[in-house]
1. Relative contact order for chain B: what percent, with Cα pairs under 8 Å and sequence separation of 6 or more?
2. Rounded to the nearest 20 debye, what is the charge dipole size of chain B about its Cα centre when +1 sits on each Lys and Arg Cβ and -1 on each Asp and Glu Cβ?
3. Sequence neighbours fewer than 8 away in the same chain don't count; with that in mind, list the lysines whose C-alpha is under 22 Å from A:K564.
4. Which one, B:S79, B:G66, B:M107, projects farthest toward the positive side of the charge dipole computed for segment B:66-122 from Cβ point charges (K/R +1, D/E -1)?
5. Hey, rough spin-label estimate for A:T57 and B:M512, points 7 angstrom out along Cα→Cβ, what's it come to in nanometres?
6. Where does the charge balance sit around B:P497 when Lys and Arg score +1, Asp and Glu -1, over other residues with C-beta under 13 Å from its C-beta?
7. Based solely on its DSSP helices, what 222 nm [θ] is calculated for chain B when runs of n ≥ 4 H residues each add -39,500 (n - 2.57) and the sum is averaged over all residues, nearest 500 deg cm²/dmol?
8. Kindly put B:S468, B:S230 in sequence by how many other C-beta atoms sit within 10 Å of each C-beta, fewest to most.
Number of protein chains: 2
Amino acid sequence: MRVFGIPLPHLAATLLAGVLVGSIVVGVTIDRGGAEGAVESPYARPYPIPHRYWAETDEMYVFASGGQQGGFYVYGLPSMKMVAEIPMFTVDQAWGWRTEDPKVREMLTNPWTGELATVGDTHHASMSKTDAVYDGRWVFINDKIYGRVGRVDLDTFRTEQILWIPNITGGVHGFNVGPNTDVAMLNIEFEQLPEFADQISARGVDIDLLEGPYLGGFAGIDIADDGTMSNAFQVWSPWQQDMVRIGWGESEGWVVNTVYNSERATGTVGMFEREDDYVFFWRQQSITDAIDSGNYITSEQAPDVPVIPWDDVEVYAAKVPLNPHGIDVSPTGRYMFVGGKATSIVTAIDFEKVLQAIEEERFEGEEFGVPILETEFVRAATMDLGLGPTHIDFDDKGMAYIGFFVDSDVKTVPLGGSYTDLHGKEPWKVSEVIPVHYSVGHLMVAGGDMAEPYGKYLISMNKLAKDSFIPHGPLIAENHELFDISGNKTLMIDQAPFPPETHYSQAIPVDMINPIDVYPLADEEIETGVTYDYDDKVVNVTMTAVRSWFTPASFTVPEGWTVKMEVTNVEQVMDITHGIAVTGHDVSLSLDPGQTRMVEFNAGAPGVYWYYCIWFCSELHLEMRGRMIVIAEDEWSPDKEWQPPE
Amino acid sequence: MRVFGIPLPHLAATLLAGVLVGSIVVGVTIDRGGAEGAVESPYARPYPIPHRYWAETDEMYVFASGGQQGGFYVYGLPSMKMVAEIPMFTVDQAWGWRTEDPKVREMLTNPWTGELATVGDTHHASMSKTDAVYDGRWVFINDKIYGRVGRVDLDTFRTEQILWIPNITGGVHGFNVGPNTDVAMLNIEFEQLPEFADQISARGVDIDLLEGPYLGGFAGIDIADDGTMSNAFQVWSPWQQDMVRIGWGESEGWVVNTVYNSERATGTVGMFEREDDYVFFWRQQSITDAIDSGNYITSEQAPDVPVIPWDDVEVYAAKVPLNPHGIDVSPTGRYMFVGGKATSIVTAIDFEKVLQAIEEERFEGEEFGVPILETEFVRAATMDLGLGPTHIDFDDKGMAYIGFFVDSDVKTVPLGGSYTDLHGKEPWKVSEVIPVHYSVGHLMVAGGDMAEPYGKYLISMNKLAKDSFIPHGPLIAENHELFDISGNKTLMIDQAPFPPETHYSQAIPVDMINPIDVYPLADEEIETGVTYDYDDKVVNVTMTAVRSWFTPASFTVPEGWTVKMEVTNVEQVMDITHGIAVTGHDVSLSLDPGQTRMVEFNAGAPGVYWYYCIWFCSELHLEMRGRMIVIAEDEWSPDKEWQPPE
């Protein structure tokens, strides 16, 4: 197999050296014009702009994974204006997410080691769905650095749960929620050496601490009706697993994932040795059967989580080009697109043919006992499209949108089968080339990863923005480019810089989400005050915040004691947020209207410390402050305790 | 004095109860139209939009203080597109600012207690200037929670220094850099009880640990030619000090600041007892003289920083209405605007008259020995303009722009004196009322706080956005509104949501800033490798990152040892950022092209941990990963040490 006339090993070597990538990216010609093909704009904005223009014209939310931001960015379409960040795996003072709140601290603490983990790398946003269509309840996402998955409640735009995955030290990549939000799968990309490695090794799998190789697989997560996630099972195998999708429609009951390191190498170069890697097809029922029959092992760390070796479940492989990444499924669940990152080849696997090949045992080999389906038989198309295919999304008209990192473009390809009724074009041929600036990493068509895509908008999330915006130092923002794909020609609506670093994103119509404005207050009145626990050396403070004061407005505490404050913002008015920072104590938390939060910290050294509202909550917000008076241990006596006002 | 027919004490009480603030804000009528006064738009954008449209049309940078974000937001004008965040006082994984980098950790560590302070509340951006005009070298800002000031280098868009201020526990508000960037002043807003309180008390100032009152003042900071800040002196007084400006032009040699709590109260209500508070005028030379003559005290904490009691320097007061906040100086340095936050009154003090009053000893009283200048004599105007005046900025045509939090509008007032030549209007009367949505906290006219305002753009930074954008949960973004002020009527160009929570911001032309794209590499080649220090149990790793691997690609370390990695991104290509996350170790740092950073962490428990590039740096970035193999202490032997490749 040759790509662009270059024998594959040479191409891979060139890509590896970074030369080709660098030169192509830098060499892109910049079009400074823009008049070409200009049309009457439905996206012009009036001048002067009326108040609430964007509130009334935005049609969709984008929930963009934050990458090393560790949560979500949320923006509107077509305005591209960022309305929120949702912190999850990192601490974030701006959006009120810090570990002096014990609820946050608990979520960020490794349940097995007790260590706090405040870094995150969120990759694959996955909306809750009903019958494979977004339903607007929650959005889930994974942290690649640690093995964690978080859930955001779309009523509050807040992280409500973080689930830690046992048996792994991190390095999880693909993540996907099932078509009815009762299950999710998380892929182990970075090979691991779990405590039960010997039991896998005993099945003929080589493993070595110093030299490698190690093991991979995926974790299954149960999702309850209220959104609560729990560890359900794990499937371990000789290989890492990269991206994952849980099938629906024509692929219902199957989990598919890609393996780019079928070589089981531990170094970068070794991962490119084979010309082909794999996509795997796992029958979900076979996992359930293994669990039901007790045919599994467990770990000391998580004795309740069944661990099933790959050869005890039903799994098939198909070959795909050198180092695949995305595995993306067409709206009816039939076609599965896999590109070879280090090639120019994109394959469309026909799941109807996969089922037929399994039925008819059309195998062309096996590895570690996994049958390899006949390559040509299961493919609907093998397309030579351009350098560096990564991710693929789908619109409502039977078109696939494929991002090319090296070519810096998005190419559209009409789907075959019943999809041809939607577009009437010749399938599996490039229909349009959309230049992007530069190096698309991920892309998103609105609703493009589920059964009923919304279409209309395409966003290319370009990893290299370079000179797209005014200079801002060596660390350059991402470039999100928004296109209208509803007409005959794809036109760019806007370019917008975004903070580091979005991976997959999802869009959902504005009217599907109705977040609350305030947290309702409990009926009983809050009894503010201070109590002293001399046994545990704890001061418990029950406090309220309202424009423009805290109650109590001051309290005393002996030096070195623990201060536990339960603070309620008793406002019930939209947007009247308060907050509490304590000078000299590394404490600063936000309090939404009606919200109660705990704040824990050590009183520290003697002195006068002010707590104050960090939000410009009213004209008198500067005066919204109170005193914590820390008294030296040898000067303390109970008559210095806080007293209720007379 | 009555405001809107309400006797002041009643007004204050109403404001304090939050009723008036709440009802006025909520009751604002929303104009859903927009056709009114529509004109041909210079701000329409083409469709399709050409690549680099915003890079080529943005005229200015805005450096917006981040509030509880703890650093800066940076966006373009008129695009309002945010190109960068600059972390400073908080940790921020997205923008590469975490404490596993010992340089960051040192900046965030209290030099006197050794405690790490990772919260910040940045308020008053202050650009470097030459002859009272921005010069594009640095931007400085203060942290209100702790007493800290940071400096950003505009070549790198990075925080290069954080200066801790001694003798205080936090609560500093006003901050201003002098007209030639050799000095800055930082105001102590929250009253303190410093170790030398008794020496101040001995001058007839009451102080009490439990009941208050305490002391306030301001800190002077020296700024060297290379931007390095150092603590120069402190002036302590019976009062807190809120906002501050260092004079220039007609007020050169003087420092002015506001005091809203002249009552010296410790509770919110007490701070509103007096109908008038103060603005203070400090002669800078008198501070220098006190230092030169050795007429000062010092603290044990900072024996090198002279502390000067207020009555040993030359200072005068003038009365201003109930609880002033901003003190804003007109471009020639002559008029000083001070509004009473809890009133409808804005006063313009004529500094020419201040000097005359001092010369002629026109005093109407004194407090703690500070002469109070004749109120009516020093005022150019006393204007009844609207509820809740806060901040004021100036344009290039002799106009003042005054924000009203409660009225939710910006009012323009033509200046008198020689400024009338610029506008030809009747001075000191409202010229235009600009509605904003809602509750303007701060506002900014481009260049509006220095000698040569750029004008053209006004930004109203509205603290309550409420329903301005699509709903996004109980925590609502800020609403920045951009206006064109170059014509006869002020027109709104755009509304944009911004993350919490901008305070003062500054704008500077794009062509004044030329940040670097890459850090140049040192001439000598980097010798990658690993050394083992058995005495201190430290593994020292010298590592490089390049597309698409780390060198070394793996290393071993005994369990529990300290790992010190010096990692260099050896790329010299714009936007090729790498990063390093270590699974299971709470480590994730960004590496700009050419940048070298240290990373320190504990190796922890035995196992295989992957380090990987967190940036989608090339098509092969997934494979850019290496292994840290942590070996149990009892299994370690020197033959397991990393070995250079043969």
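Laboratory data are not the source of any read-out in this text; all were calculated from the coordinates shown. All figures in this text were calculated on a predicted structure; none of them were measured in a lab. Quick reminder, even Gly has a Cβ in these numbers, built from the backbone with ideal geometry, and neighbours come from all protein chains shown.
1. About 10 percent, as a whole number.
2. 2020 debye
3. Excluding near neighbours in sequence, the set is A:K103, A:K537, A:K640.
4. The residue sitting most towards the positive pole is B:S79.
5. 3.1 nm
6. -3
7. After summing the helix terms and dividing by the residues of chain B, the value is -2500 deg cm²/dmol.
8. Fewest to most other Cβ atoms nearby, the residues stand as B:S230, B:S468.
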